[in-house]
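Engineer: First the structure, then my questions, so here it is.
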Ligand code: CP3
């Protein structure tokens, strides 16, 4: 152009998703709503895909299937958050820890880790090399959802991931990881450090690919007593949050731990933007204990979805009233349970989306 500068045409984008406005404490007319594990086995459309593609690894590692499954609840219920269909264990094969998720049994780690030499073999995660399909799926989801909802990514927290790879799968008493923690803490710390570095990178990769908020699942951290949480989980969560905030200061981070009533104040110390409460904590009490600067998510008992429609409505109202206006994402207190009637899920969303403060 001759002289002067020509203004770049403004790219018009849709308004920000309600979920992001709510987390930032902006004035919103109702709480945004989504459900943990909203894609999955309670949906008939998912079961049909499972028949054709019986391998969980395939369903969660093929871009087209990941996108299709992630969008199933979006198409039916129009939640305010669309979570990537994946698993917290998905990064493991890229870290040289072979695993599978077996129907009726759950996660299986083929060679559980127990020694310094085992931990030595664990590779740090390079998401762009190991899980390019996650990046591609998030980019497609972001386009499809087009800011009408927030696209959510997620990772497992270091202690929770370590519990799977040391125990070899799901566990009841967590004896193997506790034996390691309480007899060879250095070995466990080396493993936790690898997971912390890797998961920080994974969150950055998800955000760069299109995720607008990321949830960190430390589902089993509450198996630790508070002093042990302070040694084996909190520092690594803080490290992840600090690392991600350096590159992505605007990206909301949500932290979930199941049964976290004994740890709430410590969860807030991680620096996350949102703490996701399970249903054993009274929402009003949780809110008070966390203070005004942090947003809360939750916390309807997933079992409530087996109740009558009136009961579901009452519990939603009770939870939203106790959470108070703003900085609240309505959700369940843990993942939706297999066998939940789809019509009750539809009712939950209908009531939630009709609320006004
Ligand atoms: O929320 C969503 O819709 C996204 C999908 C999602 C899955 N797993 C899909 C899945 C998310 C967010 C997860 C996270 C996850 N995975 C956690 C943290 C959340 C929590 O519940 O505390 C944990 C601990 C895991 C590990 C894991 N993966 C378990 C314990 C199981 C269940 C085993 C079983 O068979 O019940 C899985 C498998 C899994 N991941 C399923 C789904 C839908 C069920 C298996 C299937 O659909 O074939």
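Readers should treat all values here as calculations from the given coordinates under stated rules, not as data from a laboratory. Model, not experiment: these values are computed from the prediction. Here Cβ is always computed from backbone atoms with ideal geometry, including for glycine, and neighbour counts include all displayed protein chains.
Engineer: Roughly speaking, what is the centre-to-centre gap between region 301-316 and region 51-85 when only Cα atoms are used, to the nearest Å?
Structural biologist: Value for the Cα centre distance between the two parts: 25 Å.
Engineer: Considering only DSSP beta bridges with both partners in region 32-354, what is the antiparallel share in %, to the nearest 5?
Structural biologist: Counting DSSP beta bridges with both partners in region 32-354, the antiparallel share is about 15 percent.
Engineer: Same structure again: Of 90, 175, 139, which has the largest mean-square fluctuation in a 10 Å C-alpha GNM of the chain?
Structural biologist: Between 90, 175, 139, it is 175 that shows the largest mean-square fluctuation.
Engineer: Gaussian network model of the chain, Cα springs within a sub-10 Å range: biggest mean-square fluctuation belongs to which of 299, 331, 314?
Structural biologist: Of 299, 331, 314, the most mobile in the Gaussian network model is 314.
Engineer: May I pose another question? Can you give the alpha-carbon Rg of region 205-357 over 2.2 N^0.38 Å, where N counts its residues?
Structural biologist: 1.08
Engineer: When the chain is fully extended, how far beyond the present Cα-Cα distance does residue 343 get from residue 147, taking 0.36 nm per residue of separation?
Structural biologist: 68.0 nm
Engineer: Then there is this: Springs between alpha-carbon atoms under 10 Å, Gaussian network over the chain: tell me which of 322, 52, 176 tops the mean-square fluctuations.
Structural biologist: Among 322, 52, 176, the largest mean-square fluctuation in the Gaussian network model of the chain belongs to 52.
Engineer: Apply 1/(1 + (r/R0)^6) to the Cβ-Cβ distance of residue 58 and residue 309, taking R0 = 51 Å, and write down the FRET efficiency to the nearest 0.05.
Structural biologist: The formula returns an efficiency of 0.90 here.
Engineer: Another one. Using only Cα atoms, figure out Rg for the chain and give it as a multiple of 2.2 N^0.38 Å.
Structural biologist: For the chain, the normalised Cα radius of gyration comes out at 0.99.
Engineer: Between residue 293 and residue 136, how many nm apart are label points set 7 Å from Cα along the C-beta direction?
Structural biologist: It works out to 4.2 nm between the two label points.
Engineer: So for region 207-281, Kirkwood radius off the Cα pairs, Stokes-Einstein at 4 °C and 1.567 mPa s: how many µm² s⁻¹?
Structural biologist: On the way: Rh = 12.7 Å.
D, rounded to a whole number, is 102 µm²/s.
Engineer: Please state the shape class of region 89-183: rounded when a/c is under 1.5, otherwise prolate if a/b exceeds b/c and oblate if not, all from the C-alpha gyration tensor.
Structural biologist: Because a/c hits 1.5 or more and a/b exceeds b/c, region 89-183 counts as prolate.
Engineer: When you count, for each residue, the other Cβ atoms within 10 Å and take the mean per peptide, how do 125-137, 214-226 rank with the highest first? Could you put the intermediate results ahead of the total?
Structural biologist: On the way: 125-137: 18.6, 214-226: 21.8.
Listed from highest to lowest mean packing, they are 214-226, 125-137.
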